[in-house]
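Trainee: Could you have a look at this structure, given as structure tokens, before my questions?
The values are calculated or read from the model by the stated rules, or taken from the named source; none is laboratory data. What you see is a predicted model; the values in this text were computed from it and never measured. Cβ placement follows ideal geometry from the backbone for every residue including glycine, while neighbour counts extend to all protein chains displayed. The area values use the complete protein model at the heavy-atom level, side chains included, leaving out ligands, DNA and RNA. Shrake-Rupley method; radii C 1.70, N 1.55, O 1.52, S 1.80 Å.
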Amino acid sequence: MTKHLMLHGEHTTLVLAHGDGPPAVVYWGGSLPNDDAESVASALNRPLAHATIDVEAPVALVPELGSGFFGSPGIKGARPDGSGWAPRFTESRPPEVTADDIRFFCEDPIAGLELEIEIFLKNNRDVVALRQMLKNTGDTPYSLGRQSLSLPLPTHAEEILDFTGRWCDEFHPRRQVWEAGAIINENRRGRSSHDHVAVIFAGTRGFDEQHGEVWGFHLGWSGNSRLVAERVSDGRRYLQAGELLFPGEVILEAGETIESPWLYGAYSATGLSSVSQAFHQHLRGRDTHPSLDKPRPVLLNTWEAVYFDHDLDTLKKLADRAAEVGAERFVLDDGWFHRRNDDTAALGDWFVDDQKYPDGLEPLVSHVTGLGLEFGLWFEPEMVNPNSELYRAHPEWVLADADYELILGRNQLVLDLANPDAYAHIFGQIDTLLTDLDISYVKWDMNRDHVQATHNGRAGTRAQTLALYRLLAELGERHPHVEIESCSSGGGRADFEILRHTRRFWTSDCNDALERQRIQRGFSMLFPPELMGAHVGPHVSHTTRRTHDLGFRGAVAFLGHLGIEWNLLDASDDERAQVKELVTLHKKFRPLLHSGDVVRLDSADEASMTQGVVAADKSEALFAYARINTARSSVPDPVQFAQLDPERKYRVTILALPGRSGEFGRTRPQWMDDGSVVLSGKALMMMGVQPPVLDPESALLFHIVAE
Ligand code: GLA
């Protein structure tokens, strides 16, 4: 018999049907009163149309082909004799309901499978998190091709926003109308990827940052993934997400259980920014999240400053300059280890190069820590160059099929971390360095896609992903004070699961402030600013050759976890003084920036882009207003702020950042000449404030403080 359960977040309600097959979501949206789960289900009960089978299979959390669901089944697999290919589960015992979560238990004795589904909502703000566990209770192996989770959406979720991208162009938004049929997003790169990010938003027609019902989804997984958004011909819509499994990749032996990655969903009735805030709040509630007690240290990274050209004296001077401008962490990037003089050699040999560092890294580390800065070190532990001591000793440790010619990427191969010997070797090397040296930070890079990634003769991306998590967890346990940054050719591995072990993302290798406007806006859809590595680079961007004033570069990096990636030894006294001023200001504002609610503004003016943070108690806000283009009209539109307290009075000023402001008008708006303006939150949101005429590719910060 079908029963119903109601779960509540702060602003959301989930109504679930269970008792027959796998549980199904009947309603997921804004809060409903507590007492009418059965009425909700009755009101939404669907009639049967002609020319269909005699039951309508629900869009269950794990929908079943075996029950007559013709969309994408939640489980796909079979036994060697072909049986078990279309399982149909029944509830085997009542769900277990605790204060935090609900667990549902199902079985299919014919297929020899048990299914457990776990859902969190209550203490998760408005983020619902779910996963499934599948057990092979039969006596032959079960070859699993899919283990995903599905959530239905109402028909009025008519538009989709998802993200594509590439190196230096992460989180590129793609908006489309959700017609009948399926949108399928498959990632086979062995990392969360630049181009098939496992994030999707669906919403009512024309939804934007502050309006419309929006549902957001993210699969917390750092390997391959598959997302489906389908509208089936009976009108129902659903989103499904799971790991993408290759043939033979998962063979469940008798008695074995497999856990799926977590699927996260968030809902808001007031637009996209609020869905992002729900995801951010969820992350901020995790105990692995950087604590506000220790402000995010401003760092200097050596990559674009010196690349592979490591010279101890130069690096010491660079650290001196970093300290002078107020940096609190010095990160030694690629180039420090055995014979690593370019990207053709040495990955896998994680010991200090004795030509560049005859006395090891200790002299540099103690110099840096002596300046009061933390020391960070770059690794790419999952990789090996054929030209390395490691590969020469253990060519069999690569994650590949040795019967074929090996395909390189950036001159490197992937190391098979699911091989216990390879794992132990890499663990040992990193552990030694973290033990011997005063290292507080690791930049953990991963710069190559998986191609034909083969472990023990079978597709190996899943095993590799799990081994990576294990390696990160073990190192984390041994060195709990070490913070790890997740980097993958920039933002190629940004997801909620890697965040259980890491505390920052390198958002993009592109430090060009113009590109960063959009990249960071996309990144903020899922992740809060304190996780967003944002560096001030030199005058000329290394990846685009565009030239930007420090005023623009600073305003864009200001809103994230600030860093400097610039050879300050080449910077003028004036420039360094300006960087110092920027860092000082950032430190002043980082408690707000790293705890506030991210608010992205919509604008009819395509030449501008505005985003910022509003303090949780709405007492203060900071918005970065950027001209990203030459505007069609000579005078820009007023900026209409959002998510302020309509009743309170706020004083609006421009927060002057060092460097050129980019102002280009013959006169300024009067309120700027006056120095500030005081208006109600309501006026600031309904009519806005006139910005000055700005050059394209310049930005300014609006500082809004309650009186
Ligand atoms: C990747 C990273 C960069 C840098 C280089 C070093 O490209 O994204 O930030 O660390 O590797 O080789």
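Trainee: Evaluate the following for Asp445: is it surrounded by fewer than 21 Cβ atoms within 10 Å (Cβ to Cβ), under 16 Å from Trp378 (Cα atoms) and not hydrophobic (A, V, I, L, M, F, W, C)?
Mentor: no
Trainee: Further question on the same structure: Checking Tyr267 against (1) in contact with a Phe, Trp or Tyr (Cβ under 7 Å, 6 or more places away or on another chain); (2) within 16 Å of the ligand (Cβ to nearest atom); (3) among the hydroxyl-bearing types (Ser, Thr, Tyr), which test does it fail?
Mentor: Only one criterion is unmet by Tyr267, namely (2).
Trainee: Another question, if that's okay. If you take the residues of segment 373-389 that are farther than 21 Å from Arg504 by Cα and open to solvent by 10 Å² or more (accessible area, probe 1.4 Å), which of them is nearest to the ligand (Cβ to nearest atom)?
Mentor: So, considering only residues that are farther than 21 Å from Arg504 by Cα and open to solvent by 10 Å² or more (accessible area, probe 1.4 Å), the one nearest to the ligand (Cβ to nearest atom) is Asn387.
Trainee: Within segment 654-703, which residues are closer than 21 Å to Ala626 by Cβ and acidic (Asp, Glu)?
Mentor: Correct list: Glu663, Asp695, Glu697.
Trainee: For segment 340-356, name all the residues that are within 15 Å of the ligand (Cβ to nearest atom), open to solvent by 10 Å² or more (accessible area, probe 1.4 Å) and free of Cβ contacts under 8 Å to residues at least 40 places away in the same chain.
Mentor: Correct list: Asn341, Asp342.
Trainee: On to the next question. How about segment 440-466: which of its residues are more than 16 Å from the ligand (Cβ to nearest atom) and among the β-branched types (Val, Ile, Thr)?
Mentor: The answer is Val451, Thr454, Thr461, Thr465.
Trainee: For residues that are open to solvent by less than 10 Å² (accessible area, probe 1.4 Å) and not hydroxyl-bearing (Ser, Thr, Tyr), scanning just segment 130-147, find the one that is farthest from Lys76 (Cα to Cα).
Mentor: Result: Leu130.
Trainee: Moving on. From (1) open to solvent by 30 Å² or more (accessible area, probe 1.4 Å); (2) assigned to a helix (DSSP H, G or I), pick out the condition that doesn't hold for Val451.
Mentor: Going through the list (1) open to solvent by 30 Å² or more (accessible area, probe 1.4 Å); (2) assigned to a helix (DSSP H, G or I), Val451 breaks only (2).
Trainee: In segment 533-563, which residue that is aliphatic (A, V, I, L, M) and under 19 Å from Leu655 (Cβ atoms) is farthest from the chain's Cα centre (by Cα)?
Mentor: Leu550
Trainee: Could you say whether any residue in segment 537-554 is open to solvent by less than 10 Å² (accessible area, probe 1.4 Å) and in a strand (DSSP E or B)?
Mentor: No, segment 537-554 contains no residue that is open to solvent by less than 10 Å² (accessible area, probe 1.4 Å) and in a strand (DSSP E or B).
Trainee: Suppose we filter Arg125, Arg88 for residues that are of a type outside the set (Asp, Glu) and under 29 Å from Gln277 (Cβ atoms); which single one remains?
Mentor: Going through Arg125, Arg88 in turn, just one is of a type outside the set (Asp, Glu) and under 29 Å from Gln277 (Cβ atoms): Arg125.
Trainee: When you scan segment 304-311, do you find a residue that is among the charged types (D, E, K, R), modelled with pLDDT of 95 or more and open to solvent by 20 Å² or more (accessible area, probe 1.4 Å), even just one?
Mentor: The answer is yes, given that some residue of segment 304-311 is among the charged types (D, E, K, R), modelled with pLDDT of 95 or more and open to solvent by 20 Å² or more (accessible area, probe 1.4 Å).
Trainee: Still on this structure, please answer the following. Scanning segment 656-679 for residues that are over 34 Å from the mean Cα position of the chain (by Cα) and open to solvent by less than 30 Å² (accessible area, probe 1.4 Å), which turns out nearest to Glu575 (Cα to Cα)?
Mentor: Here the residue is Met672.
Trainee: Could you identify the single residue in Gly112, Gly68 that is closer than 20 Å to Gln240 by Cβ and of a type outside the set (Phe, Trp, Tyr)?
Mentor: Gly68
Trainee: How many of the residues making up segment 182-191 are open to solvent by 10 Å² or more (accessible area, probe 1.4 Å) and not in a strand (DSSP E or B)?
Mentor: Residues meeting the conditions: 3.
Trainee: Using the structure shown, decide if Val368 is assigned by TED's automatic domain parsing to the domain that holds Glu565, under 22 Å from Val482 (Cα atoms), among the β-branched types (Val, Ile, Thr) and within 15 Å of the ligand (Cβ to nearest atom).
Mentor: no
Trainee: Lys294 fails exactly one of the following numbered conditions: (1) assigned by TED's automatic domain parsing to the domain that holds Pro529; (2) surrounded by fewer than 24 Cβ atoms within 10 Å (Cβ to Cβ); (3) away from the ligand (no atom under 16 Å from the Cβ). What is the number of that condition?
Mentor: (1)
Trainee: Let me ask something additional. Would you check which residues across segment 455-474 are of a type in the set (S, T, N, Q) and either surrounded by 20 or more Cβ atoms within 10 Å (Cβ to Cβ) or assigned to a helix (DSSP H, G or I) (or both) and list them?
Mentor: Thr461, Gln464, Thr465
Trainee: Hand me the list of strands (runs of 3 or more DSSP E) wholly inside segment 205-254 holding 1 or more residues that are more than 30 Å from Met609 (Cα to Cα).
Mentor: So the answer is 225-231, 237-243, 250-252.
Trainee: Looking at (1) at pLDDT below 95; (2) hydrophobic (A, V, I, L, M, F, W, C); (3) within 16 Å of the ligand (Cβ to nearest atom), can you tell me which one Ala402 breaks?
Mentor: It is condition (3) that Ala402 fails.
Trainee: Give the residues of segment 467-498 that are under 26 Å from Thr454 (Cα atoms) and more than 16 Å from the ligand (Cβ to nearest atom), sorted by residue number.
Mentor: Hits for segment 467-498 are Ala467, Leu468, Tyr469, Arg470, Leu471, Leu472, Ala473, Glu474, Leu475, Asp495, Phe496, Glu497.
Trainee: Identify the single condition in (1) in a loop (DSSP other than H, G, I, E, B); (2) open to solvent by 30 Å² or more (accessible area, probe 1.4 Å); (3) not β-branched (Val, Ile, Thr) that Leu5 does not satisfy, given that it satisfies every other one.
Mentor: Every condition holds for Leu5 apart from (1).
Trainee: Does segment 153-168 contain any residue that is hydroxyl-bearing (Ser, Thr, Tyr) and crowded, with 18+ Cβ neighbours inside 10 Å?
Mentor: No, because not a single residue in segment 153-168 is hydroxyl-bearing (Ser, Thr, Tyr) and crowded, with 18+ Cβ neighbours inside 10 Å.
Trainee: Still on this structure, I have one more. Applying the selection to segment 297-319, what residues are within 30 Å of Ser524 (Cβ to Cβ) and either in a strand (DSSP E or B) or more than 16 Å from the ligand (Cβ to nearest atom) (or both)?
Mentor: Pro297, Val298, Leu299, Leu300, Asn301
Trainee: Can you list the strands (runs of 3 or more DSSP E) lying wholly within segment 578-651 that have 2 or more residues being outside the structural domain of Gly533 (by TED's automatic domain parsing) and farther than 20 Å from Arg516 by Cβ?
Mentor: 620-627
Trainee: Of the residues Asp359, Asp334, only one is open to solvent by 10 Å² or more (accessible area, probe 1.4 Å), assigned to a loop (DSSP other than H, G, I, E, B) and either away from the ligand (no atom under 16 Å from the Cβ) or of a type outside the set (S, T, N, Q) (or both); which?
Mentor: One residue alone meets the criteria, Asp359.
Rundown of residues vs (1) open to solvent by 60 Å² or more (accessible area, probe 1.4 Å); (2) touching a residue at least 40 places away in the same chain (Cβ under 8 Å); (3) among the acidic types (Asp, Glu), yes/no style:
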| site | (1), (2), (3) |
| --- | --- |
| Ala57 | no, no, no |
| Leu65 | yes, no, no |
| Gly84 | no, yes, no |
| Pro94 | yes, no, no |
| Ile117 | no, yes, no |
| Leu149 | no, yes, no |
